Amino acid sequence: MSRLSESLYAIVDATHAERPLELAFKALNAGCAIVQLRAKRLDDVSFLEIATRVRSACGHAGVPFVVNDRADIARLVEADGLHLGQEDLSIDDARKVVGSMQIGVSTHSLEQAIAAEAGGADLIAFGPVFPTKTKENPDRVVGLEKLAEVCGTVSRPVVAIGGITPENARETLQAGAGHLAVISALPRFLDDAR
């Protein structure tokens, strides 16, 4: 297994992926470290159905499964983690729903990363490290230097996110990121892992 696949935090976006279940299974077969399911525009029934199936596959593969935004879905499927954005539930409110489940938080500045850690986040996502087209209104690009600063400041694991491709993955890891969160370039990483 390559160092890249060991650090791959595969984000399966059920709104954009043509076949989200197939993509999740491919990521698991490639030896990814974590699978997160994101579904900003999916109805609750469909989200729960996909989450249940991906949760089961992750359980069989021994890979942590994370649900994006939805504390209720995360609890229902007994996910390993919940991931929150800056406009989502606070960590304290999310804990009331998911208990001791691992919680990750997206951050876009050193101050937000420090605040997330102080607030009890188990994992800090930081970015966008590079320009990205996955989000409709992306935050300002932070770059590798700021990523390195965050990695050197917080004690929680840092997941780099935003515009990560096979071409810039190694330098992102060298900046100190523990994991690479990949959405749009995920199929390319999975092809490279073969």
Tell me which residues, restricted to the range 170-189, are at pLDDT below 95 and touching a strand residue (DSSP E or B) at 6+ places or on another chain (Cβ under 8 Å). Ile183, Leu186, Phe189
Given the conditions (1) in contact with a strand residue (DSSP E or B) (Cβ under 6 Å, 6 or more places away or on another chain); (2) farther than 21 Å from Ser184 by Cα, report the number of the one that Cys32 does not fulfil. (2)
Out of the residues in the range 131-155 that are modelled with pLDDT of 95 or more and crowded, with 18+ Cβ neighbours inside 10 Å, state the one that is farthest from Gly178 (Cα to Cα). Val142
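Rundown of residues vs (1) in contact with a helix residue (DSSP H, G or I) (Cβ under 8 Å, 6 or more places away or on another chain); (2) in contact (Cβ under 8 Å) with a residue 12 or more places away in the chain; (3) crowded, with 18+ Cβ neighbours inside 10 Å, yes/no style:
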position: Ile11; (1), (2), (3): yes, yes, yes
position: Gly31; (1), (2), (3): yes, yes, no
position: Val35; (1), (2), (3): yes, yes, yes
position: Ala39; (1), (2), (3): yes, yes, yes
position: Ile50; (1), (2), (3): yes, yes, yes
position: Ala61; (1), (2), (3): yes, yes, no
position: Glu78; (1), (2), (3): yes, yes, no
position: Leu89; (1), (2), (3): yes, yes, yes
position: Arg95; (1), (2), (3): no, yes, no
On the given criteria, is Glu117 surrounded by fewer than 16 Cβ atoms within 10 Å (Cβ to Cβ), acidic (Asp, Glu) and more than 17 Å from Val12 (Cα to Cα)? no
When you look at Ala125, is it of a type outside the set (Phe, Trp, Tyr) and in a strand (DSSP E or B), yes or no? yes
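Of everything in the range 72-93 that's hydrophobic (A, V, I, L, M, F, W, C) and within 15 Å of the chain's Cα centre (by Cα), which residue is nearest to Ser46 (Cα to Cα)?
Let us first name the residues in the range 72-93 that are hydrophobic (A, V, I, L, M, F, W, C), namely 73-74, 76-77, 79, 82, 84, 89, 91.
When the remaining residues are screened for being within 15 Å of the chain's Cα centre (by Cα), the result is 74, 79, 82, 84.
Numbers: Ala74: 14, Ala79: 16, Leu82: 18, Leu84: 20 Å.
By that ranking, first place goes to Ala74.
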Would you pick out the residues in the range 163-187 that are touching a residue at least 60 places away in the same chain (Cβ under 8 Å), surrounded by fewer than 16 Cβ atoms within 10 Å (Cβ to Cβ) and under 20 Å from Asn29 (Cα atoms)? Pro166, Pro187
Could you tell me whether Thr172 is part of a loop (DSSP other than H, G, I, E, B), of a type in the set (Ser, Thr, Tyr) and in contact with a helix residue (DSSP H, G or I) (Cβ under 9 Å, 6 or more places away or on another chain)? no
Looking only at the range 96-112, count every residue that is part of a helix (DSSP H, G or I), under 15 Å from Arg140 (Cα atoms) and under 18 Å from the mean Cα position of the chain (by Cα) and tell me the total. 1
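Residue-wise test of (1) touching a Ser or Thr at 6+ places or on another chain (Cβ under 7 Å); (2) part of a helix (DSSP H, G or I); (3) more than 18 Å from Asp192 (Cβ to Cβ).
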{"site": "Ile11", "(1), (2), (3)": "no, no, no"}
{"site": "Ala27", "(1), (2), (3)": "no, yes, no"}
{"site": "Leu37", "(1), (2), (3)": "no, no, yes"}
{"site": "Val45", "(1), (2), (3)": "no, yes, yes"}
{"site": "Leu48", "(1), (2), (3)": "no, yes, yes"}
{"site": "Arg55", "(1), (2), (3)": "no, yes, yes"}
{"site": "His60", "(1), (2), (3)": "no, yes, yes"}
Could you grab me the full set of residues in the range 140-162 that are touching a residue at least 40 places away in the same chain (Cβ under 8 Å) and either more than 21 Å from Gly120 (Cα to Cα) or out of contact with any helix residue (DSSP H, G or I) (no Cβ under 7 Å at 6 or more places or on another chain) (or both)? Val159, Ile161
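The values are calculated or read from the model by the stated rules, or taken from the named source; none is laboratory data. Please read these numbers as outputs of a predicted model, since none were measured by experiment. No Cβ is skipped: glycine too gets one built from the backbone with ideal geometry, and neighbour counts run over all protein chains shown.
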